[in-house]
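The values are calculated or read from the model by the stated rules, or taken from the named source; none is laboratory data. Source: prediction; values computed, not measured. Reconstructed Cβ throughout: ideal geometry from the backbone, glycine too, with neighbour counts over all protein chains shown.
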Amino acid sequence: MISSLANRALERDGLGPIRDRVLGGERLTDAEALRLLEARDLAAVGALANHVREARHGDLTFYNRNVHLNPTNVCVASCKFCSFARADDQTASEGYTMSLDEAVGKVLSRRPLGITEVHIVSGLHPDLPFEYYLELLSRIRKAWPELAIKAFTAIEIHFFAEKFGKTYAQVLTELRAAGMDTMPGGGAEIFAPRVRRKICDDKATADQWIEIHRTAHRLGMRTNATMLYGHIERLDERVDHMRRLRELQDETRGFQVFIPLAFHPEHNMIGKAFPKPTGYDALRTLAVARLYLDNFDHVKAYWVSLGERLAQTALAFGVDDVDGTVLEERIYHMAGATVPQALAEPDLHRLIRAAGRVPAERDSLYRVLKVHQLTGGAMKPAPPVPPLAPVQPPPAGPSLASGT
Ligand code: V47
């Protein structure tokens with residue numbers, strides 16, 4: 001329930017009608033989401049988001065045991081917010097490309113840690129053949145069949161389709177046959193063309209990002225969605241971004257989680273003009289996402305992007321997921337993140353428990369593996385994952401024109 005103090009604050013700020021609609025289970029309009037993003041009283045908005053979070057998940061807070069793999073940072077795109085990409089493989093410029101042995105070996109070396117998911121993202125390398133990616137997946141899959149492989153953003157899928165003359169469905173089908181399970185949510189940035197033109201004008205468009213996720217969902221895959229905020233975008237462009245995600249989710253139900261990503265300003269082209277978003281901005285964005293995205297099961301506070309303390313605080317502002325152990329993250333550390341390279345499972349438990357929540361280890365598809373109650377941690381059976389829209393056969397022909 002919302003406390004009487006929060007209720008009073010909502011009334012005082014003219015947000016009573018929005019509160020009533022949220023409590024009545026009604027969908028928020030774009031204008032209402034914008035009102036909430038502009039609201040003065042963060043705690044009151046947070047209380048509303050917390051109500052929705054607790055109604056869905058109680059105190060459960062999800063995390064997984066995951067590792068990251070970034071096989072190359074060589075990238076032909078020139079996103080102005082990116083600190084990770086390099087133009088070539090020269091060690092002097094900190095460019096690198098792992099051999100397949102190196103990349104596969106890195107993943108397999110984590111086996112003793114009980115990892116359940118690897119998250120693979122790369123730069124758009126101008127010379128690597130498609131077989132490199134297929135073999136990367138198939139070698140991991142063969143050596144470690146039960147490891148879930150979350151791989152390749154929509155930006156990479158678009159790049160492969162263009163470079164190798166395939167449709168999105170063909171690229172996804174071939175990667176999937178090689179071992180890929182789900183897709184991460186990266187590369188969405190902000191969908192508004194005004195923003196994309198300025199910060200990432202030479203990679204997949206918003207429409208293409210959406211179409212690739214739609215195609216993945218139609219093929220029966222689960223994917224994630226992100227939003228990179230805290231740079232040149234306006235608040236209404238954040239709402240527009242979430243609206244497009246909500247619309248696709250209405251259509252496919254294929255998204256698992258929404259992850260707002262706070263801009264990190266170091267070592268990139270726009271960082272000097274835009275400092276890191278404030279804690280208030282981060283919490284308000286997460287809370288409004290929880291309230292507006294009524295068809296998303298989960299909202300994640302990525303601790304690497306927010307820092308452990310803010311991610312922990314976010315658990316009272318609508319968030320139910322903190323990502324995972326994240327061994328060996330590079331993208332945010334190259335952009336100035338000062339958080340550790342990884343968090344051990346007991347550290348995640350400590351953060352979650354100190355926020356009054358219950359840690360629940362999940363797998364890559366958000367099935368609960370273990371609820372860590374303080375009294376011993378009984379196993380809970382994994383709930384079934386609801387089916388997606390029927391699997392559609394990939395259309396024939398190598399054309400990209402249809403975007404499928
Ligand atoms: O696509 C790049 C963003 C993304 C910066 O799906 C930056 O579970 C802030 O997508 N400041 C990669 N953000 C990370 C990502 C992700 C992370 C965790 C979980 C999941 C998931 C996905 O990071 C990029 C881009 O949008 N990014 N540079 C920067 N300087």
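Could we say that residue 326 is crowded, with 23+ Cβ neighbours inside 10 Å and either within 14 Å of the ligand (Cβ to nearest atom) or not assigned by TED's automatic domain parsing to the domain that holds residue 229 (or both) here?
Numbers: crowded, with 23+ Cβ neighbours inside 10 Å: yes; either within 14 Å of the ligand (Cβ to nearest atom) or not assigned by TED's automatic domain parsing to the domain that holds residue 229 (or both): yes.
The answer is yes for residue 326.
Residue 146: charged (D, E, K, R), under 20 Å from residue 330 (Cα atoms) and under 25 Å from the mean Cα position of the chain (by Cα), yes or no? Please lay out each step first, then the result.
Values: charged (D, E, K, R): yes; under 20 Å from residue 330 (Cα atoms): no; under 25 Å from the mean Cα position of the chain (by Cα): yes.
The answer is no for residue 146.
Which pairs have Cβ atoms under 7 Å, sit 6 or more apart or on different chains, and link a residue in the range 218-247 that is closer than 14 Å to residue 195 by Cβ to one that is away from the ligand (no atom under 16 Å from the Cβ) and assigned to a loop (DSSP other than H, G, I, E, B)?
235/38
For the range 160-184, give me each residue that is out of contact with any helix residue (DSSP H, G or I) (no Cβ under 8 Å at 6 or more places or on another chain) and within 13 Å of the ligand (Cβ to nearest atom).
Across the range 160-184, the qualifying residues are 181, 182, 184.
Scan the range 99-118 for residues that are surrounded by fewer than 18 Cβ atoms within 10 Å (Cβ to Cβ), outside any loop (DSSP other than H, G, I, E, B), in contact (Cβ under 8 Å) with a residue 24 or more places away in the chain and not charged (D, E, K, R) and jot them down.
Scanning the range 99-118 gives 100, 108, 113.
What number of residues within the range 1-54 are of a type in the set (Lys, Arg), closer than 18 Å to residue 314 by Cα and assigned to a helix (DSSP H, G or I)? Break it down stepwise before answering.
Here is the first cut: in the range 1-54, the ones of a type in the set (Lys, Arg) are 8, 12, 19, 21, 27, 35, 40, 53.
Now drop any that are not closer than 18 Å to residue 314 by Cα, which leaves 40, 53.
Imposing the further condition that a residue be assigned to a helix (DSSP H, G or I) reduces the set to 53.
Total meeting the criteria: 1.
Taking the residues in the range 185-194 that are at negative phi, buried (at least 21 other Cβ atoms within 10 Å of the Cβ) and not small (Gly, Ala, Ser) as candidates, determine which candidate is farthest from the ligand (Cβ to nearest atom). Let's see the steps before the verdict.
Quick first cut of the range 185-194, residues at negative phi only: 185-186, 188, 190-194.
Cutting the leftovers down to buried (at least 21 other Cβ atoms within 10 Å of the Cβ) gives us 185-186, 188, 190-191.
The next check asks that each one be not small (Gly, Ala, Ser); those that pass are 190-191.
Details: 190: 9, 191: 12 Å.
Selected residue: 191.
Would you be able to tell me the number of residues in the range 119-136 that are outside any loop (DSSP other than H, G, I, E, B) and surrounded by fewer than 23 Cβ atoms within 10 Å (Cβ to Cβ)? Steps first, answer last, please.
Of all residues in the range 119-136, those outside any loop (DSSP other than H, G, I, E, B) come to 119-120, 130-136.
Keeping just the survivors that are surrounded by fewer than 23 Cβ atoms within 10 Å (Cβ to Cβ) gives 130-132, 134-135.
Count: 5.
As an exercise: evaluate residue 94 against (1) in contact with a Gly (Cβ under 8 Å, 6 or more places away or on another chain); (2) surrounded by fewer than 16 Cβ atoms within 10 Å (Cβ to Cβ); (3) within 24 Å of residue 189 (Cβ to Cβ) and give the number of the one condition it does not meet.
So residue 94 meets the others, but not (1).
Across the range 264-298, which residue is farthest from residue 313 (Cα to Cα) among those that are part of a loop (DSSP other than H, G, I, E, B) and more than 16 Å from the ligand (Cβ to nearest atom)?
Initially, the range 264-298 is screened for residues part of a loop (DSSP other than H, G, I, E, B), giving 264-278, 293-297.
Remaining after also requiring more than 16 Å from the ligand (Cβ to nearest atom): 294-295.
Values: 294: 21, 295: 23 Å.
My answer is 295.
Name every residue in the range 177-211 that is assigned to a helix (DSSP H, G or I) and in contact (Cβ under 8 Å) with a residue 60 or more places away in the chain, in order of residue number.
Initial filter on the range 177-211 (assigned to a helix (DSSP H, G or I)): 177-178, 193-199, 206-211.
Once the filter is applied, which keeps residues that are assigned to a helix (DSSP H, G or I) and in contact (Cβ under 8 Å) with a residue 60 or more places away in the chain, the range 177-211 yields 198, 199, 207, 208, 211.
From the list 214, 244, 176, which residue is over 18 Å from the mean Cα position of the chain (by Cα) and assigned by TED's automatic domain parsing to the domain that holds residue 77?
On the way: 214 fails: over 18 Å from the mean Cα position of the chain (by Cα); 244 fails: over 18 Å from the mean Cα position of the chain (by Cα).
Only one candidate qualifies: 176.
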